[in-house]
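The values are calculated or read from the model by the stated rules, or taken from the named source; none is laboratory data. On a predicted model such as this, the values are computed, not experimentally measured, just so you know. We place every Cβ from the backbone using ideal geometry, glycine too, and count neighbours over all the protein chains shown. For the accessible areas, the whole protein counts, side chains as well, though only heavy atoms, and no ligand, DNA or RNA atoms are used. Shrake-Rupley method; radii C 1.70, N 1.55, O 1.52, S 1.80 Å.
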Amino acid sequence: MNSSGSLIRLSASALSAKLSSGDISSVEVTQAHLDRIAAVDGDLHAFLHVSANALDTAARVDASRRAGAALGPLAGMPIAIKDVLCTIDMPSTAGSKILEGWIPPYDATPVALVRRAGLIPLGKTNMDEFAMGSSTEHSAYGPTKNPWDFSRIPGGSGGGSAAAVSSFEAPLALGSDTGGSIRQPAAVTGSVGVKPTYGGVSRYGAIALASSLDQVGPVARTVLDVALLHDVIGGHDPRDSTSLRDEWPSFAEAAHVGARAESLKGLRIGVVKELDSPGFQPGVSQRFHEALEVLTAYGAEIVEVSAPHFEYSIAAYYVILPAEASSNLAKFDSVRFGLRVNPPGGGTVEDVMAATREAGFGPEVKRRIILGTYALSAGYYDAYYGSAQKVRTLIQRDFAAAFDIVDVLVSPAAPTTAFRFGEKIADPLAMYLNDVTTIPANLAGVPAMSLPIGLAPEDGLPVGFQIMAPARADARLYTLGATLERLLEDAWGHTLLSQAPELKVAI
Ligand code: GLN
């Protein structure tokens, strides 16, 4: 193993210690990750754009460290950024042809915050177009592969961020989660991802999919690393009207507390009956129940809880999301952003708009715009959008009732391990059903994490464990997540991702 190989294997918190002691420089760390990207990304395709400024930025952070500046724990750390977030120095396409080459005039707040904390943006990661999908197969720029098996999907919509982290191209990444796009990719690639409480992280500059559901959040290989990144991006932003004004605790501290916990006595963990389905892949259910046994053995009380309205969450989500998306995507009108296609022989402004949207949007985006426009049309609003919002209220009440009796809720993070390319793309409903485990947390605005709990025996692919907490109680995810991560790694004697995913190029 050469030295840059050993650097890319380190977690952000381990790199942080070496950076602050002066053992290594940010330029070295950044170069090691750029080398890794150059070696593997041709095949993997986690990145849509690699930054030309990363080494210069790293050199500046190194210089300020040498000058004695007080730097945060993630200063000098490379980070991959989902292409849904606006970046002033890099194209921001949201995986769509309609924004090909568009460079925004400003940074999204989470991007501005990571820059301010001294992190080094490495580039923009691939995603399903406008974050619609669960496999990256809907990206207009071609799919990302799963680092564990190149014939399989890396999850979606944030497959690029999860693949970048799990293939050691970046120690950290930013994602967005409207219906699972951070957690499901984390689950199927063996990484850790968190959807924060709605309003906990600013969405200013995140290209909107469904505004009542969207959250930006962190992705990494360890619970502590995700917590460290959440500490950087969280907090109030006056530019986002849904941003909470809370004083948040340190999530890194919450993770440290969890990693040190000597027992889980007194913790009540609710297993959501409706999300522990006999229809899930057997190896996923097996690993999930084994993880519950680990938690029980450590003193936690496992309680079965019922959330009777969760069975309607996919139906409600796939009305609410297209409705909001159809409105958010109306701004891609050939005038203000990106692509403009002139119809042959000219035409009215409407003709230009139609030709541009016809050429610029892919089939899934068109499908959802049509669905959403229909659901919102006069006379249908009450039957569809209005009804879906009522179902949403019932789901929120299910959460409230459950959190009256338990501290956290848990489930498998996805019903299966990574599926094969082509398996679901022809059947939109099959793709949508894959989101059954993740969507309830978005509909209720509560925070949720996926962390790896082993490999499914039947296919050797990672399985994710989902933890959900009450709104504003994100710290509980980090405390319990760090305890479970430590218990599993002690039992295995290694980290999951050290089990040599199929990366074609050795480290
Ligand atoms: N798979 C979900 C969808 O297609 C998730 C989207 C997301 O979280 N951005 O809508």
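Residues in segment 350-392 that are crowded, with 18+ Cβ neighbours inside 10 Å, touching a residue at least 60 places away in the same chain (Cβ under 8 Å) and more than 30 Å from Lys273 (Cβ to Cβ): Thr356, Arg357, Gly360, Phe361, Gly362, Glu364, Val365, Arg368.
Somewhere in segment 44-65, is a residue open to solvent by 60 Å² or more (accessible area, probe 1.4 Å), touching a residue at least 60 places away in the same chain (Cβ under 8 Å), of a type in the set (A, V, I, L, M) and under 30 Å from Ser151 (Cβ atoms)? For segment 44-65, residues open to solvent by 60 Å² or more (accessible area, probe 1.4 Å), touching a residue at least 60 places away in the same chain (Cβ under 8 Å), of a type in the set (A, V, I, L, M) and under 30 Å from Ser151 (Cβ atoms): present. Within segment 420-465, restricting attention to residues that are in contact with a strand residue (DSSP E or B) (Cβ under 8 Å, 6 or more places away or on another chain) and among the hydroxyl-bearing types (Ser, Thr, Tyr), the residue that is nearest to Ser191 (Cα to Cα) is Ser450.
Among the conditions (1) open to solvent by 30 Å² or more (accessible area, probe 1.4 Å); (2) within 25 Å of the chain's Cα centre (by Cα), Glu301 misses just one, which is (2). What tally of residues in segment 318-335 results from selecting those that are polar (S, T, N, Q), part of a helix (DSSP H, G or I) and touching a Gly at 6+ places or on another chain (Cβ under 9 Å)? Summing the residues that are polar (S, T, N, Q), part of a helix (DSSP H, G or I) and touching a Gly at 6+ places or on another chain (Cβ under 9 Å) in segment 318-335 gives 2.
Taken as a whole, the structure places His309 among residues that are open to solvent by 40 Å² or more (accessible area, probe 1.4 Å), more than 16 Å from the ligand (Cβ to nearest atom) and in contact with a helix residue (DSSP H, G or I) (Cβ under 7 Å, 6 or more places away or on another chain). For the subset of segment 209-224 comprising residues that are away from the ligand (no atom under 16 Å from the Cβ) and among the aliphatic types (A, V, I, L, M), which member is most open to solvent (accessible area, probe 1.4 Å)? By that ranking, first place goes to Leu224.
If the condition is being at negative phi and either in contact with a His (Cβ under 9 Å, 6 or more places away or on another chain) or surrounded by fewer than 24 Cβ atoms within 10 Å (Cβ to Cβ) (or both), then segment 95-108 contributes Lys97, Leu99, Glu100, Trp102, Ile103, Pro104, Pro105, Tyr106, Asp107. The residue of segment 255-275 that is farthest from Arg486 (Cα to Cα), among those that are in a helix (DSSP H, G or I) and open to solvent by 80 Å² or more (accessible area, probe 1.4 Å), is Lys273. Taking the criterion of being open to solvent by less than 10 Å² (accessible area, probe 1.4 Å) and among the acidic types (Asp, Glu), the only residue of segment 452-483 that qualifies is Asp474. Out of Val294, Val319, Val271, Val284, one residue alone is aliphatic (A, V, I, L, M), within 28 Å of Phe419 (Cα to Cα), in contact (Cβ under 8 Å) with a residue 12 or more places away in the chain and touching a Phe, Trp or Tyr at 6+ places or on another chain (Cβ under 7 Å). It is Val319. Of all residues in segment 314-333, count the ones that are under 14 Å from Ser211 (Cα atoms), among the aliphatic types (A, V, I, L, M) and within 11 Å of the ligand (Cβ to nearest atom). Looking only at that region, the number is 3.
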